[in-house]
Structure formats: C-alpha cells, structure tokens
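Encoded as structure tokens, the structure appears first; notes follow it.
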C-alpha cells in the first residue's frame, strides 16, 4: 500500500513549485503597468488561475487518480491520449525553459559557461527524481527553508529603496497582464492531481497546495515586477550580483530551478504511464530531464509568452469540460473509447480561446473561455437527452 503524503509535504512541494526564476522573469513583463495596476493584475489572474487549479486537484484527489487519468473520465480511454501527449510535450518544454533560465541566471553570478550550469541543474533534478517524491520530505524541508530565507533577502534587496525608475506605459494592456498571471497556475493544472491523489486528506491537501502555490507565485511575480520598476533591471541574477548576494544568489537560482523543474519531469513520467501502462514513469522523468537539458543548451528560450498562451488555449477548455462533467453533470466516460461530444466541445473552447486572444478583455480570456465551454458542455448534454426522448 502506498504511503500517503501529509499536508505539510504537499505544502512543501507547492512552495517549491512557486519559487521559480521563470515566475520572477514573467513578473518583469508587468512593469509597464506600474506597481499598483500590475499588482492588481497579478492578484486577479492568480485568483482565476488558482481556482481552476483547485478544481483540477479536487477531482484527482477525490477519485485518487493522476491528472491524466481524470481526463479519461470526460474524454474516454483513447480521447484522453491527445491531452496526455500534449501534456508530456508541454512538460518537456517547461523542463527546457526552467533549466535554460536557471543556467543563464547562474552563469551571470558565476560565469563558467551556460552549458555547464545546465548540466549541473539537470544532474541535480535527476538526483531529486531518483530519491523519489516519498523520500524527499527531509531534503525538501531543508531546501525550502533555505529558499524561504534567501527569497526574503532578495525581496529586501529589491524593495529597500522604493523609487520607481520605470515609467508606466501602454506596452501591455491590463487584460493581457491578467491573462499572463492566469497562465502560470494554469500551466500546473495538468499536474496537480499527480500529487493530491496520494495525499492523506485530498481535499485539505488541495486547499493547502493551491493556497501555498498561489501566494508564493504572486510573491515571485511581484519580485520580478519590483525588480524591473525599482531597480531598472529585469535580470534577477545581475541584481543579486550588485547586491553582493554571491553564493546566496547561486543557491536561490539553483534550488528554485531544481525544486520546480522536478515536478515537471516527475509528472511527465506519471502522464506517460497513462499512455503506456507498462512504462516506468521514473525513467521517463529522467529522459524528460535529459531532453530538457539538451534543449536548454541548444535553443534560445528568452520569450515564453506564446508558450504560456498555447498552454492556456489547450488546458483552459479541457478543465472546463472536466468541471462540467464531474461537478454539474456527474458523468463518467472512463469506460468509453472516445467521447466525441466532449472532444467537440473542447475543440470549440480551444477556438474560442484563440479568438478571445484578439480581444482585450479586462479579466483575460481564460475565465470567459471556461464559462462559455462549461455552458456549451451542459447544453450539449441536455440537448442530447431531449433528442433521445
């Protein structure tokens, strides 16, 4: 029988997910809005994104299934394969992006070569995977305590002289900023059930996971935005160097990259098990890390906005269909090969999201896409019953 994870362990896992150089760098994009509007956009976006994350975690926690296993409940055994494959692809992409950002930043602090730091980070992630999520409690406690202290130091360095050096501009609309804030918690949506399914108390674990992640993620965004506004510098590594953090800065970058990217690689392994039942997820996770490390060395990944929006367009309508089926319609298509109806609804939701990207909506386009997709899903089902009668 598998040992269940405690609420504290779940909190540590999602604290590690939130403390991320990628999230800090994304926060720098909010600087043109100014601090007040930027902060408001960050908070609104995270409330929307974390609400989606909560529902996804609750579904997996209640039925004790991984994220991609819960997708079968709405799309059928074969229908879920599309999302499993897309999820593995985005996780490999995230692994590359995280290692790339970590390697670039560490090389700014200690210039020995980007590819060397990419290898170091990749090796540490593999070590995390080999130790295993059940045995990481003590290591995570030490790593998270260290990260917590060092991130407070980084925050103090950035905000000690609050004199804005960047003027407010129209470079980004408020709605676009909200959507960019939604995108990061949304990117974790296909992963959260991989952890809540193994919790002692899945509902409470989901609350803890989402609240911890939401607060820490907002904190990272604000650090990035503050760095750009108050120091005139968007490169966090350079700020650390100027502040004399040195080794402390290195530790922040390396540990935050490892603890976050571990979740991506681990979940790539879990998702692969839902596609190929006989595969060993741990080795897929290691393979994902190796591919991510190679990608980080070879490719330029400075701008991830398009990648974040692509994730939103795939997974916002997907979770909308899951919410409609699990909470409203109370339907389960796990025994079906493919649920064509829900695949069509998801396709409509995908098109709606892509269209709304061309429209400036003050609350972003994920929430409207989800509401419309849920309504379509319910109406399709009700309409089908009327036709059958």
(message) List the helices (runs of 4 or more DSSP H) inside the stretch 1-101, counting only whole elements, that have at least 1 residues being within 30 Å of residue 114 (Cβ to Cβ).
(response) 7-18, 21-27, 35-63
(request) Report, by residue number, each residue of the stretch 166-224 that is closer than 29 Å to residue 152 by Cβ and not in a helix (DSSP H, G or I). (result) 166, 167, 168, 172, 188, 189, 191, 192, 199
(message) Take residue 205 and tell me if it is crowded, with 24+ Cβ neighbours inside 10 Å, modelled with pLDDT of 85 or more and touching a strand residue (DSSP E or B) at 6+ places or on another chain (Cβ under 8 Å).
(response) yes
(message) Which residue is farthest from the chain's Cα centre (by Cα), if the candidates are limited to the stretch 230-268 and must be part of a helix (DSSP H, G or I) and without any contact (Cβ under 8 Å) to a residue 40 or more places away in the chain?
(response) 242
(request) Of the conditions (1) touching a helix residue (DSSP H, G or I) at 6+ places or on another chain (Cβ under 7 Å); (2) under 30 Å from residue 321 (Cβ atoms), residue 128 clears all except one; give me its number. (result) (2)
(message) Can you find a residue that is touching a strand residue (DSSP E or B) at 6+ places or on another chain (Cβ under 8 Å) and either modelled with pLDDT of 95 or more or closer than 24 Å to residue 269 by Cβ (or both) anywhere in the stretch 46-64?
(response) yes
(request) Report yes if residue 21 is in contact with a strand residue (DSSP E or B) (Cβ under 9 Å, 6 or more places away or on another chain), modelled with pLDDT under 90 and under 27 Å from residue 237 (Cβ atoms), otherwise no. (result) no
(request) State all residues of the stretch 174-202 that are surrounded by fewer than 21 Cβ atoms within 10 Å (Cβ to Cβ) and modelled with pLDDT under 90; if no residue qualifies, say none. (result) 200, 201
(request) May I ask you to list the residues in the stretch 125-138 that are surrounded by 14 or more Cβ atoms within 10 Å (Cβ to Cβ) and modelled with pLDDT under 75? (result) 133, 136, 137
(message) Looking at 252, 236, 304, 286, can you tell me which residue is at pLDDT 85 or above and touching a helix residue (DSSP H, G or I) at 6+ places or on another chain (Cβ under 7 Å)?
(response) 286
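The values are calculated or read from the model by the stated rules, or taken from the named source; none is laboratory data. Since the structure is predicted, the reported quantities are computational estimates derived from the model, not experimental observations. No Cβ is skipped: glycine too gets one built from the backbone with ideal geometry, and neighbour counts run over all protein chains shown.
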